[in-house]
Structures are given as structure tokens and as C-alpha cells.
């Protein structure tokens, strides 16, 4: 994200829509990604080295699985700051639960936030090297995120409109409702 200048708002909104539709399609066949983060959104440039934001490729399916499986599967690999933040958030929600669609939706929220600001989540949240951050420090970041949520949503609404802000809000609510009552809202 940091290597390219800030794309126009419409291009970023279109990218968010494409990613949300992709995740919705993946979930509609009852599969979980389990490793969704901005490091797993790939672009392929043309001969001029420009990449098309309208053609993202989602990767990182090494821990994906059907959502209805009850057996244990491999945990998501924590190779990035985004992965660590998401894993910590999951640990707060339910210490010993299996992976749910709501975790993928929360991961989408992190990506939408990164796209809105065009900055990585660790920069947005002022985290140094998250791979060296303690659990207590991550807990503080997570609590700060919850505290600042309404201000952030208001800022997003003023910059990108209510629809974009509402999508982020729906994704944030997914962490509180693993039954995904908000699934219908994502489709609209």
C-alpha cells in the first residue's frame, strides 16, 4: 500500500466492493479463509509496472477449510503484523473456540480500514514491531480500537460516505455476532 500514491476514492471503494464480494462468495459455499489480510491481496502489474486495483487476487489459502468441519485444523500462520493483531482479537472473543466466518469478516474490516486510509493497520494503530509486542500491549491496542470506533466511523463517513462507514460497522459487529445476523446486510 505504501509504495503507490493514494488512489482515487472511487477506485478504493471499488476495490473494497470486489474484496467483500469475493469473501461473500467464499463464505456462500461454506468455506473459511482463516488467513485473510492485506498481505494476501496480490496484484499483477503490466509492462509499465502499474497494477489494476480492480483486479485483486486473494491468496493465502493454506489454512482454509470448510466452515462446517468440527475437526481441528491448522491455525492461521502469524507471519505478519496483521495476522498477529487478528489472532489477538480472536483470542479476546473466545479463547478456545474454533474459527468462524465472523473472524474472516473482522479481517475484512481490517482490510477495509487499511484501504480507506491507505496505510497498514500497524501504522494506523501506532504499533511498532507487532511481532515483538506483548499480549498486554496488544490488549491495549484492541481496547483503544474499540474506544475510538465511533470517532473513526464518523471520520470514514465524512470522507467516503455513510455506505462505506456502514459496511465497516457491519464488519465490526461480526465480532460480536458469530451467528452472522449481519450477513444479509453485507449482501446489500
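For the residues 32, 42, 23, the requirement of being within 15 Å of residue 111 (Cα to Cα), in contact (Cβ under 8 Å) with a residue 12 or more places away in the chain and surrounded by 18 or more Cβ atoms within 10 Å (Cβ to Cβ) singles out 23.
Taking region 129-170 only, how many residues are modelled with pLDDT under 80 and either assigned to a helix (DSSP H, G or I) or closer than 23 Å to residue 100 by Cβ (or both)? Matching residues across region 129-170 total 18. Being over 19 Å from residue 121 (Cα atoms), modelled with pLDDT under 90 and in contact with a strand residue (DSSP E or B) (Cβ under 7 Å, 6 or more places away or on another chain) is a condition met by no residue of region 47-57.
Here is a yes/no grid of residues against (1) touching a residue at least 60 places away in the same chain (Cβ under 8 Å); (2) at negative phi; (3) in contact with a helix residue (DSSP H, G or I) (Cβ under 7 Å, 6 or more places away or on another chain):
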residue: 132; (1), (2), (3): no, yes, no
residue: 141; (1), (2), (3): no, yes, no
residue: 153; (1), (2), (3): no, yes, yes
residue: 156; (1), (2), (3): no, yes, yes
residue: 163; (1), (2), (3): no, yes, no
residue: 167; (1), (2), (3): yes, yes, yes
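Residues in region 171-188 that are in a loop (DSSP other than H, G, I, E, B) and either surrounded by 15 or more Cβ atoms within 10 Å (Cβ to Cβ) or modelled with pLDDT of 85 or more (or both): 174, 175, 178, 180, 182. Here the helices (runs of 4 or more DSSP H) wholly within region 74-125 that include at least 2 residues being at pLDDT 55 or above and surrounded by 22 or more Cβ atoms within 10 Å (Cβ to Cβ) are 81-93, 101-117.
The values are calculated or read from the model by the stated rules, or taken from the named source; none is laboratory data. Predicted model, so just to flag it, every value in this text is computed and none were measured. Neighbour counts run over all protein chains shown; Cβ positions are idealised from the backbone, glycine included.
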